[in-house]
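Shown next, in structure tokens, is the structure this report addresses.
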Amino acid sequence: MAETVAMSAAPRRLRMHPVWLVAVLMGCAFALSLRHFAELLPGHLWWRALVDPDLRDLRQIVVHQSVAPRIAVCLLGGAQLALAGAIFQQVLRNPLAEPTTLGVSAGASLALTMATLFAPQWLFGGQQWVALAGAVASMLLVLVLALAWRRRLAPVALILAGLIVTFYCGSLGAVLTLFHRETLVSLFMWSAGSLSQNNWDAPRALLPHLAAGAVLAAALVRPLTMMSLTDAGAQSLGVSLRVVRFAALALAVFLSASVVASVGVIGFLGMLAPLVVRLAGARRFRSRLVWAPLFGAALLWITDELVQMIPGGRTGLPTGAVMSLVGAPFVFWLLPRLPALPDTIDLSADAIGFRRVHLPRWIAFGVVLLAAAVVLGVTVGGSPHGWTWARGTNFDALLPWRAPRVAVALAAGAMLALAGAILQRVTGNSMASPEVLGISAGASLGVIALAFIAPAAGRWLQTGAAGAGAFGALLVMLALGRRYHFAPERMLLLGVALGTAFSALVSVLLATGDPRLTNLLAWLSGSTYGVSVDDAAFACAALAVLFAAALCFARWLDILPLGDTLSRSLGVGLDASRIALMLLAAALTGVATMVVGPLSFVGLMAPHLARMLGFRRAAAQLASAAMLGALVMVLADWLGRNMLFPYQVPVGLQATLVGGLYFMWLMLRGRAAP
């Protein structure tokens with residue numbers, strides 16, 4: 001078992017005892033609920049509306065069938081998620097383990113989406129079991145990936161595996177949504193964590209599950225308490241590690257899947273509640289099992305009441321997404337209070353042990369392969385009559401449509417790969433990339449903000465907004481990461497929090513129904529559909545300029561990974577070089593994101609492949625990574641256009657699916673750094 005990760009922040013950080021925390025939150029939530037009741041009914045009708053509503057009074061029906069069940073769902077769902085989070089954190093010895101970070105919620109949500117489309121009859125027997133099957137499958141996959149590091153259940157390996165599974169399940173769900181948007185429009189709001197209710201079905205489903213979970217958790221208190229010790233210490237006290245881990249994980253997964261099946265995904269609550277009550281003084285696991293569910297119930301209740309105070313929040317704003325927005329800043333606040341995590345992750349060529357190839361031969365082969373991919377993209381495609389090879393007049397007719405898409409995919413892939421290579425060298429972090437560190441999310445946020453402020457903005461203003469968002473996110477990441485000396489595990493967790501917050505914000509904005517954001521849906525999924533010749537020319541010109549700039553900084557990129565002291569002795573100004581390289585990485589990410597939307601894994605995958613193939617010097621790695629990124633994106637765009645013809649899978653989603661498989665393979669082949 002990985003070394004125990006202590007979660008003991010200094011008690012003075014949070015002076016309020018758990019009982020007062022729960023009392024304050026419950027009191028505030030209760031007061032807001034009374035205010036809500038007073039808006040609907042006079043006080044003398046409240047009790048009657050709750051227990052025996054007058055069916056002739058619409059206000060009493062609303063209170064009985066909507067308002068009261070919603071409060072009950074908040075209390076039961078919040079308590080259940082907090083209980084699941086406390087069990088996950090204890091059995092895995094990981095302070096950041098919870099249903100969202102472990103991919104359990106994403107797996108349950110994907111299973112329900114697939115059942116809704118392809119086997120709706122399965123839902124009639126209880127959608128909890130469908131969600132449970134998806135949650136179990138995703139949890140097993142996370143454990144397999146984490147165990148592949150030969151460090152068993154190391155904290156960072158678990159979070160990284162959970163990130164991959166969540167990305168992959170989300171991408172599959174997005175592909176299904178694109179093809180069945182009308183069918184899944186209500187499912188989208190539900191999966192984002194909408195707590196709107198019109199009957200008592202959800203509370204009736206949650207109550208017995210929570211009661212059973214509490215009883216089983218109480219039965220596991222003693223062996224789980226022993227799990228705080230080392231494996232040898234626990235075994236010496238008579239604890240059967242395999243049995244206890246299996247039983248505890250099964251219970252936590254069941255509780256998580258039950259909440260997802262009833263109310264959708266609610267992010268970070270399972271992490272927040274156990275950690276906050278621990279910081280407030282609930283050091284013993286027995287105490288956390290009591291106070292974490294109470295705090296989770298109170299936190300979700302008051303969050304939902306505040307959401308309902310926002311115009312349109314009672315019907316359209318998903319509380320689960322808002323909870324993720326609340327949780328992300330808490331992760332930033334929490335990281336300095338956690339001790340060093342015991343494992344780091346190295347996915348480099350040295351760790352995985354690939355045989356190096358002859359570099360000039362590989363470069364020639366790569367150029368030929370990229371040229372072949374471009375030819376494939378513009379000449380071969382699906383049609384109503386099967387596969388066709390465009391020739392003659394047919395080629396002339398299709399070229400204006402296909403060539404811009406191929407050019408934009410090529411340029412975007414190369415720019416993201418360049419940004420990833422620069423970030424990995426500047427930070428000394430083999431996991432750094434625009435996607436993992438949340439920089440692509442920042443660029444997307446800049447474009448979305450501009451869409452609200454200036455809907456008619458031109459190309460240069462959009463590029464500036466994307467670059468500014470990317471640079472802002474990068475500054476935040478590097479400012480926070482510098483406190484931890486850019487430790488891979490800390491940077492990863494910061495990126496997870498930033499990316500989750502961005503996804504939650506998009507869900508909140510989509511829930512408003514604003515047409516300005518609805519029009520950006522295709523762009524958010526990374527589609528090259530509809531790009532123009534001007535877009536292609538702009539992307540290629542930007543690639544040429546920024547690639548030349550990156551080569552000019554090759555000497556800095558060779559020296560900076562050697563350390564601050566040696567870099568200074570060789571005449572490199574650390575602050576100036578890092579700022580210049582950050583600006584360059586932000587520009588590359590901003591332009592790529594602006595032309596095709598936020599993509600995943602390409603910026604991480606291409607630099608790794610370049611290193612595996614033997615390109616260690618900065619200039620060689622930059623050139624080869626750009627070529628590999630371009631190749632991956634061109635092939636992803638071609639597959640997206642033809643794999644499900646006449647339907648089209650956006651290149652961003654296709655790249656995520658391909659990159660996710662690659663990342664899983666890396667985890668299975670890789671090792672944790674000693």
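The values are calculated or read from the model by the stated rules, or taken from the named source; none is laboratory data. On a predicted model such as this, the values are computed, not experimentally measured, just so you know. Don't worry about glycine lacking a Cβ; one is built from the backbone with ideal geometry, like all the others, and counts go over all protein chains shown. Ligands, DNA and RNA are stripped out before the accessible areas are found, and what is left, the full protein with its side chains, is counted by its heavy atoms. Shrake-Rupley method; radii C 1.70, N 1.55, O 1.52, S 1.80 Å.
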Starting from residues that are touching a helix residue (DSSP H, G or I) at 6+ places or on another chain (Cβ under 7 Å) and open to solvent by 30 Å² or more (accessible area, probe 1.4 Å), keep the ones in segment 177-186 and report whichever is modelled with the lowest pLDDT.
THR183
Failed item, numbered, when ALA417 is tested on (1) in a loop (DSSP other than H, G, I, E, B); (2) closer than 30 Å to VAL375 by Cβ:
(1)
Residue that is touching a helix residue (DSSP H, G or I) at 6+ places or on another chain (Cβ under 9 Å) and at pLDDT below 75, where the choices are TRP129, TRP122, TRP149:
TRP149
Within segment 556-601, can you find the residues that are more than 28 Å from the chain's Cα centre (by Cα), modelled with pLDDT under 80 and among the charged types (D, E, K, R)?
ASP564, ARG568, ASP575
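One line per residue, one yes/no per condition, for (1) touching a Ser or Thr at 6+ places or on another chain (Cβ under 9 Å); (2) surrounded by fewer than 24 Cβ atoms within 10 Å (Cβ to Cβ); (3) not in a helix (DSSP H, G or I):
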position	(1), (2), (3)
TRP556	yes, yes, no
VAL572	no, yes, yes
ALA576	no, yes, no
GLY590	yes, no, no
PRO607	yes, no, no
Scanning segment 615-646 for residues that are open to solvent by 10 Å² or more (accessible area, probe 1.4 Å) and outside any helix (DSSP H, G or I) gives ARG616, ARG617, MET643, LEU644, PHE645, PRO646
Looking only at segment 389-405, how many residues end up being among the aromatic types (Phe, Trp, Tyr) and either surrounded by fewer than 10 Cβ atoms within 10 Å (Cβ to Cβ) or more than 20 Å from ASP534 (Cβ to Cβ) (or both)?
2
If you take the residues in segment 222-236 that are open to solvent by less than 10 Å² (accessible area, probe 1.4 Å) and assigned to a helix (DSSP H, G or I), which one is modelled with the highest pLDDT?
LEU224
Regarding GLY381, is this residue farther than 22 Å from SER433 by Cα, modelled with pLDDT under 70 and more than 31 Å from the chain's Cα centre (by Cα)?
no
Taking segment 595-604 and keeping only residues that are open to solvent by 10 Å² or more (accessible area, probe 1.4 Å) and not in a loop (DSSP other than H, G, I, E, B), one is left with VAL595
Residues of segment 237-290 satisfying the condition of being in a loop (DSSP other than H, G, I, E, B) and either open to solvent by less than 30 Å² (accessible area, probe 1.4 Å) or touching a Cys at 6+ places or on another chain (Cβ under 9 Å) (or both)
VAL239, GLY264, ILE266, GLY267, PHE268, ALA280, ALA282
What are the residues in segment 558-570 that are among the small types (Gly, Ala, Ser) and open to solvent by less than 60 Å² (accessible area, probe 1.4 Å), if any?
GLY563, SER567
